[in-house]
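Any read-out appearing in this document is the output of simple, stated calculations on the displayed coordinates, not a laboratory observation. Keep in mind that what you see is a predicted model, and the values were worked out from it rather than measured. Every residue, glycine as well, gets a Cβ built from its backbone with ideal geometry; the counts of neighbours run over all protein chains shown.
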Amino acid sequence: MIPVKFEKSRAMQHFDDLVNGRPLSHDEGKEWTLYEIVQLAGVVKFSLHIFPPAGYEHTWPDISDEMNEALTKGKKTTITAAIELVSQLTGMAYFDKYDAVCDEVVAAEVRASPEEERNSIVEFKRGRRTV
């Protein structure tokens, strides 16, 4: 279990910083706490849903509202899968496992598995070495 402490004013400040291209505000000289890191991850994820990257369409005007909602749910799962890949790569780097299998920069395309919501499909474009 991970403890969560949500501070509305801090979350909204981080959100505002992200969507306006400013550095994240944080008390200088103070280390980030687990609560703050978890909250920041949530803010970043929400930001991706509200302002998806260019070229990442999240609605389809030619289909029914029901189908649009179903596809949007899949897109959110895809965003979550992409975040999970970055999290896993960060963990590999932290535990000195990254350099054995990856170059400095990894490029991949990630999407949710249509069969199982918890699985994702990762297609590495560059940076991953075969072992």
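Structure notes:
- Protection proxy ranking, highest mean first, for peptides 20-29, 5-14, 77-86: 77-86, 5-14, 20-29, where packing is the per-residue count of other beta-carbon atoms within 10 Å, averaged.
- The shape of the stretch 1-51 comes out oblate: with a ≥ b ≥ c from the C-alpha gyration tensor, a/c is at least 1.5 while a/b does not beat b/c.
- One decimal place: the segment K45-E123 gains 25.9 nm when fully extended, by the rule 0.36 nm per residue minus the C-alpha distance.
- In this structure, the amide hydrogen of Y98, modeled 1.01 Å from its nitrogen in the peptide plane, lies closer than 5 angstrom to those of A93, counting only residues at least 5 positions away or on a different chain.
- Remark: for residue pairs K45/K97; K5/K97; K8/K30, the C-alpha separation exceeds 21 Å in K45/K97; K5/K97.
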